[in-house]
Amino acid sequence: MTTPVLICDDSGFARRQMERSIPDGWDVEISHAENGLQALELIRAGKADVMFLDLNMPVMDGYQTMQAIRDEDLPTMVIVVSGDVQPEARARMIGMGAIDFIRKPIDNDKLIEILNQFGLYAGDASASNRVEAIPHFEMESRDESLDAYREMANVAMGQAGESLAKMLGEFINLPIPNVNLITNNELHMAITDIHGNERVSAVSKGFIGSGINGEALVIFNESNFANMVKLLKYDEANNPESLELEALMDISNILIGACLNALSEQLHVTFSHNHPIILGRHCDLDDILKSNIKKQDKILAIEIAYSIKAQNINFDLLLLFPNQSIDLILHKLVKL
């Protein structure tokens with residue numbers, strides 16, 4: 001008997017990866033949704049006895065979708081597939097009725113284990129025929145390329161958020177990464193537009209591996225430091241300036257380290273890192289960018305606006321890849 005399966009994710013690249021992970025021996029009819037609103041329509045139409053649900057989506061995210069499924073008592077078994085792997089994210093979704101939670105990128109053995117556990121599929125992890133039937137994601141347009149980069153960033157963002165959540169004991173609110181192929185001047189305008197005239201501090205760390213190089217920057221608004229120092233439980237008897245510097249370096253090392261580890265796993269590249277560098281303290285972002293961002297014809301810019309809403313803390317992680325690295329990253333992503 002054929003099982004209607006729905007894959008709900010705003011990324012076409014991620015939907016294709018999920019479909020390729022479904023074992024060939026499982027008799028399914030697969031539908032796709034780009035957000036929770038579309039997913040609910042398909043569930044009501046009987047297209048989703050099983051749904052693989054992402055969390056971070058526009059229009060209606062995974063939390064809102066799960067709440068609607070619960071409120072309407074809709075007939076679907078939900079397996080969350082997300083880059084946000086914080087314990088609180090998992091607990092919230094399981095509490096609302098999801099049967100399990102898988103981190104991105106998909107672990108096929110974990111997927112089979114869940115399907116077996118709930119009597120959805122009794123075979124092994126073989127997916128050979130389905131893989132052959134689903135072509136690799138062809139990058140036919142700029143938007144499709146950006147989608148692949150965005151999904152890569154989404155996974156890296158989630159793992160960095162998990163590391164930070166464990167360190168701070170707080171839930172980290174994760175956005176949809178902002179990904180663009182832009183010139184240096186456009187980058188300058190985009191970042192200054194985000195931060196306006198606020199005073200900021202910033203840390204930079206360069207990295208390189210297998211022909212791919214880039215720079216990671218963590219940017220803190222000056223107003224966030226007091227709350228961050230309290231959250232980190234530092235000895236507030238120490239000099240405030242030294243406490244702020246310690247907070248800046250600790251958060252930056254956690255974010256950048258976890259993010260680069262996730263990129264390494266996805267691209268099968270081992271990155272070597274430079275020591276972190278303080279780009280500026282309590283200064284205009286405009287001054288930091290003029291002095292430190294190298295001129296490039298084209299840049300892959302990934303901006304992730306992390307926040308801890310319960311503590312009124314916001315900070316940005318910015319990943320910058322120069323022109324010569326962009327196509328190589330895409331090639332490694334789509335050949336996997």
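Nothing in this text is a laboratory measurement; each read-out follows from the coordinates by a stated rule. Keep in mind that this is a model prediction, so the values were computed, not measured. Backbone-built Cβ (ideal geometry, glycine too); neighbour counts: all protein chains shown.
Just check region 142-334 against the gyration tensor rule for me: Cα atoms, a ≥ b ≥ c as the square roots of the eigenvalues, rounded for a/c under 1.5, and otherwise prolate or oblate depending on whether a/b exceeds b/c.
Prolate.
Would you mind ranking Lys47, Lys309, Lys110 by Cβ crowding within 10 Å, fewest neighbours first?
Neighbour counts put them in this order, fewest first: Lys309, Lys110, Lys47.
Among Ile329, Gly36, Asn314, flag the residue with its Cα farthest along the positive direction of the charge dipole of the chain, charges on Cβ as +1 for Lys/Arg and -1 for Asp/Glu.
Looking along the dipole axis, the top candidate is Ile329.
Where in region 313-336 does the label zone of Leu181 land, with the point 7 angstrom along Cα→C-beta and an amide N cut-off under 17 Å?
320-335
Restricting to Cα pairs below 8 Å that are 6+ residues apart, what does the relative contact order work out to for region 1-67? Please round to a whole percent.
42 percent.
Below 8 Å between Cα atoms, with a sequence gap of 6+, how large is the relative contact order for region 142-334 in percent? Display every interim value, and only then the final one.
On the way: 331 pairs, mean separation 68.2, N = 193.
Relative contact order for region 142-334 comes out at 35 percent.
Along the Cα→Cβ direction, 7 angstrom out, place labels at Ala226 and Asp27. What is the inter-label distance in nm?
It is 6.6 nm.
For Ser141 and His331, compute 0.36 nm times the residue count separating them, minus their Cα-Cα distance, and round to one decimal in nm.
Separation in residues times 0.36 nm, less the Cα-Cα distance, equals 67.0 nm.
Given +1 on the Cβ of Lys and Arg, -1 on the Cβ of Asp and Glu, and no further charges, what dipole in debye does the chain carry about its Cα centre, rounded to the nearest 20?
Computed charge dipole of the chain: roughly 480 debye.
Working out 0.36 nm times the residue gap between Val59 and Asp235, then minus their Cα-Cα distance, what length gain in nm do you get to one decimal?
59.1 nm
What residue among Pro240, Pro177, Pro58 has the largest mean-square fluctuation in a Gaussian network model of the chain, using Cα springs under 10 Å?
Pro240
I'd like the antiparallel share, as a percent to the nearest 5, of DSSP beta bridges with both residues in the chain.
70 percent
Helix 184-195 versus the longest principal axis of the chain: what angle, 0 to 90°, nearest 10, using Cα atoms?
That helix lies at roughly 90 degrees to the long axis.
Normalised by the number of residues in the chain, what is the relative contact order in percent for Cα pairs under 8 Å and 6+ residues apart?
That works out to 18 percent.
Given the pairs Lys205/Lys332; Lys166/Lys205; Lys104/Lys335; Lys104/Lys332; Lys309/Lys332; Lys205/Lys335, which are separated by over 25 angstrom at their Cα positions?
Lys309/Lys332; Lys205/Lys335
Please compute the Kirkwood hydrodynamic radius over the chain, one decimal place, Å, based on all pairs of different Cα atoms.
21.1 Å
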